[in-house]
Structure formats: C-alpha cells, structure tokens
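The values are calculated or read from the model by the stated rules, or taken from the named source; none is laboratory data. Note that this is a predicted model, so its numbers are computed, not measured. No Cβ is skipped: glycine too gets one built from the backbone with ideal geometry, and neighbour counts run over all protein chains shown. Remember, those area values only see protein heavy atoms, side chains included, never the ligands or the DNA or RNA. Shrake-Rupley method; radii C 1.70, N 1.55, O 1.52, S 1.80 Å.
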Amino acid sequence: MLAVMLLSLALAAVDRTAADRLYQHRQYREAADQYRKLLDVNPRDASLLVRLGHCAQQLGQFQDAETAFRRALDAAPDSLPALVGISEALLAQGRPEDARQSISVGLRLNPDDRDVRRALAHTLEANHQVFEAESIFQKLTSSDAKDSESWFLLGELQYRGGYYRAAEESLAKSLAIQPANRRAETYRAVCLVKTGRIDEGEAQSKRLIQDPATPKDLDLWLTYVELLYDSNRAAEALRTANQVVGFAPNHPIARYWLAKTLLQAGQLAEASSEAERAVSAAPQLPFARVLLLQIYRRQGRSSDAKRQADWLREYDDRRARHDAR
C-alpha cells in the first residue's frame, strides 16, 4: 500500500513538472488542461489553483481566473498569490473598487510583499489615484532594478498619461529583463514614434503589425497610419487605414484617419462619406467636423460647410465660457 502511495506521489510530481514546463513556455491552454487533471486528484491544492488562474488570465478568461483564485483562497485563506490574482482578475473585468477591497486584505497580511504592493499600485491607477500609483512603482523599481513587471506597469502608466519619453525608458528597462512582453513592445513602438525616433519606431511598428501573433492594438495601428500619412506615403497609409477600420469599424478615430488618407489619395467623395461616419460615431468631438468642413468646402457644398462651421463656432464659444469661469 505504501509503495502504491509513493508511486502515485511520484507520478503527480512528474505531471506537475510537465504542467509547469508548459506554463513556462507560455503554452497556457495546454498547461491549464494539465493543472485541471492534477486538481481532479487534489482539488484543494492552492498552488495548482493559482497556476490555473494565471493560465486563465493569460488566455483572457478573466472570470475563470477569478473563480480559480477564489478557490485557492478558500483552500488557503492567507494566500497572497490568490489575493493578488483576484485583484488583477477584477481589474481586467473593469471592477477597480472590488479589486481595491481584495488587495487591502493582502496588505493587512503583509504590507511589505512586493507582489501585493505592485497590485496595490495597479489598483490605485485604475481608481484614478495616478500619483500614488506612480510613487509605489518608482519605489519598487528603485529597490529592485530587475523587477521587470514593475518597470512595465510604470511604463504603461506613463504611456497612458502621454509621458512618452519617460514611458519609453521604463518599457525599455522592462524589455531588457523580460523581452517576451508583446504589450511592452507595442507601447514602446508608439513611444518611439511620438518622441521623434521615427526610423526605429517605424521599424518596430511595422514588425509588430505584420506579426499575426501581435494582438490588434488601435493606438499602434493609428500611430503607424499617421506616420505614413505624414511622410506622404498615401497608398500605404490608405491601405493600412482600411485594415484598421476592418477590425475597429465603429471607432470614430479609425474612421477619421480613413477619411484623411482618402483625402490625401484624392478620393474626395469617399473621404466625405468616411468623415461623416466619424462625426456620426462621435458627434461631440470637433476633430472630425474640422476635416468634414474642409472636405465640404473643396466639394463646393456651401450649406453643409456652413452647418459644420456653425457647430464649431458654438463649440469654441462654449469652451471660452468654460475657461473663463
């Protein structure tokens, strides 16, 4: 009987090693299947449940990730990895206040744990406490220059705030430690273009866009469209803008850039239609109306142009009144 038990434990260890190897090679679906089989034997193994949750997160299955992490917490109520996982899964589901409540439990258990502090900063950022979040990320990277995840999250925060030069530096440091981070590569490519490193930014953007493994990132694609437009490569800009509208058909800025590239390519009627679609998708924003006004004037559509000019004049008046308060 003892021999059978020892053999079972040895086989389980082999299976766990195989599952962990799949996880480390980013074969998350296959790893998750292996972890589930192991959990059939030991359903309250918190470490297995945490790994299953991480697999689900990597696959974009955030509700499943939350479920796995909560099962891990039920099995091990003091599990910091489970609490951090729950917080990150809730953030991914657009529930920042719930995420804050979850990570506060981890803070009470161990306020010095780096993973807990990193998750706290991420949660603060999602709750619009950007300066507090940045301060934590800065302290984490200062105390451990090899903390690639904190460098990435700091860079992501700076990127979203429009601080592209600082973001590029943080993202570069993260990628130097952990090169296999496609989101970091994507953000950095945009930063390179935005900070005037055009040749390098174009090369990186083009490589990512042409790689089918890169998730479609609207900011990356539109930055590339704008780069092509600014360098007067009309045909390539128009082709890329059409691709963007293909995967983001309802986004007003995608429609706006398609209208601009059509106008650059001399397709006035098509540009007019696309600019009208952009205005329809975001009637409260002025940028598409400015473009539409220009197109209407070139088409000789005086009454349509006047309507857009009147709207823009009223918009400027409202802005002036607001600024004068």
Those residues of region 210-243 which are β-branched (Val, Ile, Thr) and over 26 Å from residue 266 (Cα atoms) amount to 214
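Kindly indicate which of 259, 237 is in contact with an Asp or Glu (Cβ under 7 Å, 6 or more places away or on another chain) and of a type in the set (Gly, Ala, Ser). Outline the logic, then answer.
Values: 237 fails: in contact with an Asp or Glu (Cβ under 7 Å, 6 or more places away or on another chain).
Result of the check over 259, 237: 259.
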Taking first residues from region 45-61 that are under 15 Å from residue 22 (Cα atoms) and second residues anywhere that are open to solvent by 50 Å² or more (accessible area, probe 1.4 Å) and outside any helix (DSSP H, G or I), the pairs with Cβ under 8 Å that are 6 or more apart or on different chains are 48/42; 58/26
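One line per residue, one yes/no per condition, for (1) crowded, with 24+ Cβ neighbours inside 10 Å; (2) of a type in the set (D, E, K, R); (3) within 20 Å of residue 215 (Cα to Cα):
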site	(1), (2), (3)
16	no, yes, no
29	no, yes, yes
57	no, no, yes
64	no, yes, no
75	no, no, no
98	no, yes, no
Considering every residue within region 83-96, establish whether at least one is open to solvent by 50 Å² or more (accessible area, probe 1.4 Å), over 19 Å from the mean Cα position of the chain (by Cα) and at pLDDT 95 or above.
no
- Residue within region 234-243 that is in contact (Cβ under 8 Å) with a residue 24 or more places away in the chain, part of a helix (DSSP H, G or I) and under 19 Å from the mean Cα position of the chain (by Cα) present: no
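Being among the hydroxyl-bearing types (Ser, Thr, Tyr) and closer than 20 Å to residue 98 by Cβ is the filter here, so list the residues in region 118-158 that pass it.
The initial filter retains those residues of region 118-158 that are among the hydroxyl-bearing types (Ser, Thr, Tyr), namely 123, 135, 141-143, 148, 150.
The answer is 123, and nothing else.
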The residue from 282, 271 that alone is modelled with pLDDT under 95, touching a helix residue (DSSP H, G or I) at 6+ places or on another chain (Cβ under 7 Å) and among the small types (Gly, Ala, Ser) is 282
Reported set for region 202-257 where residues are basic (Lys, Arg) and either touching a Cys at 6+ places or on another chain (Cβ under 6 Å) or open to solvent by 70 Å² or more (accessible area, probe 1.4 Å) (or both) is 206, 207, 216, 233, 239
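Being more than 23 Å from residue 261 (Cβ to Cβ), free of Cβ contacts under 8 Å to residues at least 12 places away in the same chain and touching a helix residue (DSSP H, G or I) at 6+ places or on another chain (Cβ under 7 Å) is true for just one of 200, 185. Which residue is that?
On the way: 185 fails: free of Cβ contacts under 8 Å to residues at least 12 places away in the same chain.
Unique residue meeting the criteria: 200.
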